Amino acid sequence: MNIQREIGDLVVDKKDKKISSFFKRLLSGIVLLALLSFVIYIGGDVLWFFSFVVSIIALFELYKVFKIEKNRLGILGYLLVSIYYIMISQFKVDGILFFIILMVLLLLIFYIFSFPLFSIKDVALTLFGIFYVAVLFSFIYLIRVQRGVYGKYLVWVIFISSWGCDTFAYCVGMLCGRHKLNNVLSPNKTIEGCIGGVIGSVVLGLIYTYVLLNNIVNNIEISLIRVGCACFICSIISQLGDLVASAIKREYKIKDYGDIIPGHGGILDRFDSVIFCAPVLYFLLNVYR
């Protein structure tokens, strides 16, 4: 009887933990969504500062995985990201290209003058982190400010494509997932879930656009077909972004990048798919012009 009671208590305890974890994840998700809604709506310097802070935190998380978060190479990475964000606030595209080239040269110069303190792998990981985290994430800010008054509506296509795809992929995978996508890299993902995620994000994008065009704004330079195509492409890209983040975690044997967002993990755990969608949507919008 005692053993049965202990087993029963253990089952109840696990169930309570799952429920607690779900509500923690839900609550933090609502808070994050509210914060995003505010900064995207305000735009300008507020969104710039938010994007900069998120990029620095995410870069720290990634550098921590690479074990360079507190050394001189990591500090140089944070400094270069700071300069990059100052550059994009000035809308000087040619200047940004020059800075990217200069950034590579500076890291290589630092490498030779600090040799053999750091390896070329450390330098490559530093540069990778800057592009993977900060540069990709910055396209949220660039879409918002360069698209004027309509930017605050267009930016949400990124989150519809990424987070909408995540949600539908999870639900479809749980309900009818049979064929594993990759047992080693992501054992919980299924092909059915991936397909459901793409379809779900497209449907959400069409609903969002329909409501937008008929109830909120007029003469916005988007259409149902264009948003549907953008969500289709971005949802596929977002799943690749999620797999890239998973691959890094598997390689370095970590569960999450951090714990700054309760129930979700780190910044990178929550924005891994978003940072892949943002630049893709930016260039799709330029193609649609």
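Some notes on this structure:
- Residue list for segment 80-113, filter: small (Gly, Ala, Ser) and either at pLDDT below 90 or part of a loop (DSSP other than H, G, I, E, B) (or both): Ser89, Gly95
- Residue that is nearest to Trp163 (Cα to Cα) [pool: residues in segment 255-289 that are outside any helix (DSSP H, G or I) and hydrophobic (A, V, I, L, M, F, W, C)]: Ile261
- Pro116, sole failed condition from (1) touching a residue at least 24 places away in the same chain (Cβ under 8 Å); (2) out of contact with any Ser or Thr (no Cβ under 7 Å at 6 or more places or on another chain); (3) of a type outside the set (A, V, I, L, M, F, W, C): (1)
- Residue count for segment 243-289, restricted to those that are of a type in the set (Phe, Trp, Tyr), within 24 Å of Arg144 (Cβ to Cβ) and within 15 Å of the chain's Cα centre (by Cα): 3
- Residue among Ser223, Ser201 that is of a type in the set (S, T, N, Q), at pLDDT 85 or above and either touching a strand residue (DSSP E or B) at 6+ places or on another chain (Cβ under 7 Å) or under 23 Å from Asn286 (Cα atoms) (or both): Ser201
- Among the helices (runs of 4 or more DSSP H) confined to segment 123-214, the ones with at least 3 residues that are buried (at least 19 other Cβ atoms within 10 Å of the Cβ) and aromatic (Phe, Trp, Tyr) are located at 136-146, 156-176.
The values are calculated or read from the model by the stated rules, or taken from the named source; none is laboratory data. Values in this document were obtained by computation on a predicted structure and should not be read as measured data. All Cβ positions, even for glycine, are placed from backbone atoms using ideal geometry, and neighbour counts span all protein chains on display.
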